[in-house]
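Written out below as structure tokens is the structure these notes cover.
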Amino acid sequence: MRLTRPMLAVAGAVAVLALAGCGSGDGKAEAKIPVTATGSLESLAAKVKCTPDMQIDSDEVRQAICKVPAGKFVFATFATDRGQREWINDAKDYGGFYLVGRKWVAVGTDKVVKALQTTLGGEEEIGVDHSKHTS
């Protein structure tokens with residue numbers, strides 16, 4: 001079965017909705033952010049001491065669920081920068097918090113993303129906030 005971008009976007013969106021929830025800051029000062037880590041999904045997961053539970057393993061994207069003391073998150077690596085950016089842009093429509101590195105992204109609550117950032121570096125991006133929408 002060949003995975004297409006729409007299928008990958010849906011998988012990412014489901015992961016965001018399942019894991020993201022509402023995060024809140026703890027008021028602590030920002031820790032120094034290290035140089036952004038690089039490597040395979042497995043090597044990045046090892047840096048944060050998690051064993052990845054692989055969900056998608058294709059030529060374009062590899063995606064796994066990981067758990068660290070701060071909580072669960074989705075880890076994804078990409079074959080190309082363009083593929084990564086398209087995935088993030090599609091997924092951000094569903095809200096959530098994203099830690100973005102070179103050809104990788106971690107998706108979880110704000111608390112999890114900030115905890116991962118102290119080890120992996122990267123830039124935090126925030127998805128669309130739907131909490132202000134009324135029905």
**OP:** Quick one: compute the contact order of region 30-108, relative version, from alpha carbon pairs under 8 angstrom and 6+ residues apart, as a percent.
**Re:** 25 percent
Subject >> Shape call, region 33-83: gyration tensor on alpha carbons, a/c limit 1.5 >> reply: oblate
Original post:
Please state the relative contact order of region 41-83 as a whole percent: Cα pairs under 8 Å, 6+ residues apart?
Top reply: 32 percent
Original post:
For labels at Ser43 and Thr80 in the simple 7 Å Cα→Cβ model, what's the distance in nm?
Top reply: 2.3 nm
Subject >> Prolate/oblate/rounded label for region 80-121 (Cα gyration tensor, a/c 1.5) >> reply: oblate
**OP:** Report the extension gain between Thr118 and Asn89 in nm, rounded to one decimal, defined as 0.36 nm multiplied by the number of residues separating them, less their alpha carbon distance.
**Re:** 8.1 nm
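Taken together, the values in this text are just the output of simple stated rules run on the coordinates, not laboratory data. Values in this document were obtained by computation on a predicted structure and should not be read as measured data. Note that we place each Cβ from the backbone using ideal geometry, even for glycine, and neighbour counts take in every protein chain shown.
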